[in-house]
Each structure stands twice: as C-alpha cells, then as structure tokens.
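> Below you'll find the structure I mean.
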Amino acid sequence: MKITLNEFLNKKAMYYDKIDYTTIINAWNQLKTHISLPYVIHLVGTNGKGSTGRFLAHYLFKKNYKTLHYSSPHIMKFNERIWINGADVCDEVLEQTHEKLQILLSQNVIDKLTYFEYTTLLSFYLSSNFDYLVLEAGLGGEFDATNVIENNLSLITTIDFDHQNFLGNTIQEIASTKLRSCNNKMIINKQLHKEVYEIASSYDCIKVEDFDLKCLDFLPTYLLQNLKLSLTALKYLKIDIDLKLLEDVKLFGRCQKIKENITIDVGHNPLAALVIKNEFESKKEKISLVYNCFEDKDYKKVLEILKPIINEVLIIEVEDNRIVQKNALLEVCENLDLPNSDFINISPSKNYLVFGSFSVVEEFLKVYIER
C-alpha cells in the first residue's frame, strides 16, 4: 500500500538526539547516480539564511535561470520548503518525487533517515539538471544533511549563539563547525564577532560588498544586509544586477506586515530580537508582543532586548512538547516588569508583533485566519 509523503514524514524523527552522519552519506551514495546536480550555493549561518536565499533565488529565476531554493522550516505548509522557479512546489510533484525516492533508496536507509534528511534528498532530486540549487543549511554546517553534496559557493550569514547543544558553547566553536561546510569559494556577510572573520581568513573568502539600495525602501532595513550578500554572490557569478527585478520579491514571515497593525516575524533568538527591535525603534513604534518560545531558546535575553519596544506580552498557546513551560515565561515577564496576559484576540487600536518561532507565527496565522 502506498504511503503519502505527509503520512511518511509524520512518522519521521525531526532530528537526531546525537548526529549520525553516516545515514545521509549512505542515502546520497544510493541516489547520486540518478541526479545531475546544478551549481550549488550553500547558505550557512545563524540568522538570515531564508531571506538571503530567497533574494538570490528570486533574482536568478528572474534572469531566466532554472532555480530551486530549499529552506526550512515551513510556516503553514510543507511546500514552502521547496521553491521552484518562482513558486512553492505543488503537491503532485512532491508525491511523484516521494514515490521515486522510495524506489531508489534501500528500505534500511529509508527507515533511518530523519524528516530533514529526507526532505533534503527531495530537493536534490528535484534540482537535477537545473542551473542553480540555492541550498539552506538546517541547524549546522559541517554535519548538516545539506553538506553531503559538494557546494560550489558558500554564503555565510551572520553567526551568533544558537543550537549550542549541537554546535558548541563559544562563537569560535559554532563558527568553526559552520564554516567547515565550505568546499570552495566563500562570501561572508557582516558579522558581530571578530572570531568569525578570523576563522574565515583561513578559507578562500571574500567579504560582502556595499550597494546603494535606496530604490528598495519598501524592504525592512535589517534585511538589506542580507540582500547585499545575495548581490555580492551575483556579482561573483558575473550576473548583471538590475535592482528592479527585486521589486516583487516575497518574503513570507520576515518582518512582514499582514495588516496595517500586525507584523509577523519568524525570528526566535537574541540576534533576531536585536534586529527587529532596531527596526521598530527606527520607526518609533511600540508593540503588543504575541509571543511564545521553545524551551532551549534564550527567551529571557530575547525579552530583555525587546523590552524597549514592548507595551505588553501576549502569550499564545502552541501545541508542541518543545515549548517552554508557561510559568517560566511568566516569571521572566514579571522579573522584567513586562505586563502580560494570554493572547485572546486582535484589537484594531493596538500595534502587534508576532514573534518567537515558525511555530508561533503558524499558530497565530491559524487563529487569525479563522477569525
């Protein structure tokens, strides 16, 4: 009996408790003779991979290159993870590719693959014979499933503290793990920590260039640095730059105004909090923060950073066993003297920021759309 992709993935572990890289290597060895990979642009870093990748993929597509952009996680629907030539992949294509992988991979490998590893293989197969694969790493670099193939160009977004249980407890450890994913040329974005530049100096590395982006003033300020990284990559690839081709770029969940008084952002760590705080402070706006967070995130630091722009914290319920205990979140709010209550509904007289993770934004959109 055939099992659908959705049914298959629902039975899969999201990630390893301890990384076992041999499974994805074995899977790729079984699959690689059936795929002709395009030019691979690998995005590695803590924040900004999704927007950098989408800027780049959008532009390449506009220049008539066959392009696949693989990102994660998704907000509302799995299809968001695989963007092909201007649109999210359709259900029919996903199911067809799933059926092919079930034939090409051995059952032993299929059983061992995680959710992320399998979806990464889906993207590889779908990119066969394309011009470009814009490939976003998951939580790491060196031992990330996306790094099982050789990359032609690595783009390093801002690196900061996150996923310390997998990547290390210092910037040097985190950056070293991420940068070891580079196989050839590396372009490095503006960084907060000098250690990242020091480690990058031992690679074939160039720094991000500056560009005049005044004509794209509709974009949130903090995303412009990520765009500069994408444009530096295009310049390296010797592709002419016409900023007008970016005027219709769509960035779902990246400081996105879905209504005049509602902004959604999938950021979830202190670095994301810092850039979003600066964005709202520059506009002299204060917000009602619709918030929740995973237990392994530094929610205390996030709320400390956001405090200057917060009028109140509205805690939204999220069904996920990784979500922080509500009492712990309330305690942090009380210690920071932040007014708080449960999120119930939207008031037209308030300005809202929905922030905390992809899951928080997803839950809010489900509630908001239903109402």
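> Cβ under 12 Å from Asn79's Cβ, Asn79 left aside: what net charge do those residues give with Lys, Arg +1 and Asp, Glu -1?
On the way: positive: Lys77, Arg81; negative: Glu80, Asp88, Asp91, Glu92, Glu95.
Result for the local shell: -3.
> Against the longest alpha carbon principal axis of the chain, how many degrees, from 0 to 90 and to the nearest 10, is the axis of helix 115-126 turned?
Here the helix axis deviates by roughly 50 degrees.
> Moving to a separate point now. Report, in debye and to the nearest 20, how large the dipole of region 256-370 comes out about its Cα centre when Lys and Arg carry +1 and Asp and Glu carry -1 on their Cβ. Don't jump to the answer; show the numbers that get you there.
On the way: 14 positive and 20 negative charges, 90 e Å.
It works out to roughly 440 debye.
> Treat every Asp and Glu Cβ in region 211-291 as -1 and every Lys and Arg Cβ as +1, leave all other atoms uncharged, and give the resulting dipole magnitude about the Cα centre to the nearest 20 debye.
Roughly 140 debye, rounded to the nearest 20.
> Now for a different question. Starting from the Cα gyration tensor of region 256-370, take the square roots of the eigenvalues, sort them a ≥ b ≥ c, and report rounded, prolate or oblate (rounded when a/c is under 1.5, otherwise prolate if a/b is larger than b/c, else oblate). Each step should come with its number before you reach the end.
Values: a/c = 1.38, a/b = 1.09, b/c = 1.26.
Rounded.
> Along region 53-65, what does the Karplus equation 6.51 cos²θ - 1.76 cosθ + 1.60 (θ = phi - 60°) give for ³J(HN,Hα), rounded to whole Hz, x for Gly and Pro?
Each residue's phi maps through the Karplus curve to give x, 6, 4, 5, 5, 4, 5, 4, 5, 4, 8, 6, 8 Hz.
> Can you give me the angle between helix 224-236 and the longest principal axis of the chain, using Cα atoms only, in degrees from 0 to 90, rounded to the nearest 10?
Computed tilt is about 20 degrees.
> Which angle from 0 to 90°, rounded to the nearest 10, does the C-alpha axis of helix 91-104 make with the longest principal axis of the chain?
50 degrees
> Rounded if a/c is under 1.5, else prolate if a/b beats b/c, else oblate: with a ≥ b ≥ c from the C-alpha gyration tensor eigenvalues square-rooted, which is region 134-203? It would help to have the intermediate numbers written out before the result.
On the way: a/c = 1.79, a/b = 1.16, b/c = 1.54.
Oblate is the answer for region 134-203, as a/c is 1.5 or above yet b/c matches or exceeds a/b.
> Subtracting the Cα-Cα distance from 0.36 nm times the residue separation, let me have the gained length for Asn129 to Phe211 in nm, one decimal.
Taking 0.36 nm per residue and subtracting the Cα distance, the gain is 26.3 nm.
> Can you give the charge dipole size of the chain about its Cα centre, rounded to the nearest 20 debye, using +1 on the beta carbon of Lys and Arg and -1 on the beta carbon of Asp and Glu? Write down the numbers at each step before the final one.
Values: 42 positive and 50 negative charges, 161 e Å.
Roughly 780 debye for the chain.
> Order of Met76, Met14 from fewest to most other C-beta atoms within 10 Å?
Numbers: Met76 14, Met14 10.
Listed from fewest to most nearby Cβ atoms, that is Met14, Met76.
> Report the Cα centroid-to-centroid distance between region 100-148 and region 20-51 in angstrom, as an integer.
With region 100-148 and region 20-51 each reduced to a Cα centre, they are spaced 6 Å.
> In addition: With 18 Å as the limit, write out which pairs from Lys286/Lys350; Lys12/Lys366; Lys185/Lys238; Lys214/Lys277; Lys49/Lys207 have Cα-Cα distances beyond it, or answer none.
Values: Lys286/Lys350 9 Å; Lys12/Lys366 24 Å; Lys185/Lys238 14 Å; Lys214/Lys277 21 Å; Lys49/Lys207 16 Å.
Pairs exceeding the cut-off: Lys12/Lys366; Lys214/Lys277.
> Would you work out if region 5-246 is rounded, prolate or oblate? Take a ≥ b ≥ c from the square roots of the eigenvalues of the alpha-carbon gyration tensor; rounded if a/c is under 1.5, else prolate when a/b is larger than b/c, oblate otherwise.
Oblate, because a/c is 1.5 or more while a/b does not exceed b/c.
> Along the positive direction of the dipole of region 5-246 (beta-carbon charges: Lys, Arg +1; Asp, Glu -1; about the Cα centre), which of Asn64, Tyr197, Ala13 reaches farthest?
Asn64
> Only Cα pairs under 8 Å and at least 6 apart count here; give the relative contact order of region 256-370 as a rounded whole percent.
Result for region 256-370 is 38 percent.
Where a number appears in this text, it was derived from the coordinates with a stated rule and is not lab data. Given the structure is predicted, the values throughout are model-derived calculations rather than measurements. Don't worry about glycine lacking a Cβ; one is built from the backbone with ideal geometry, like all the others, and counts go over all protein chains shown.
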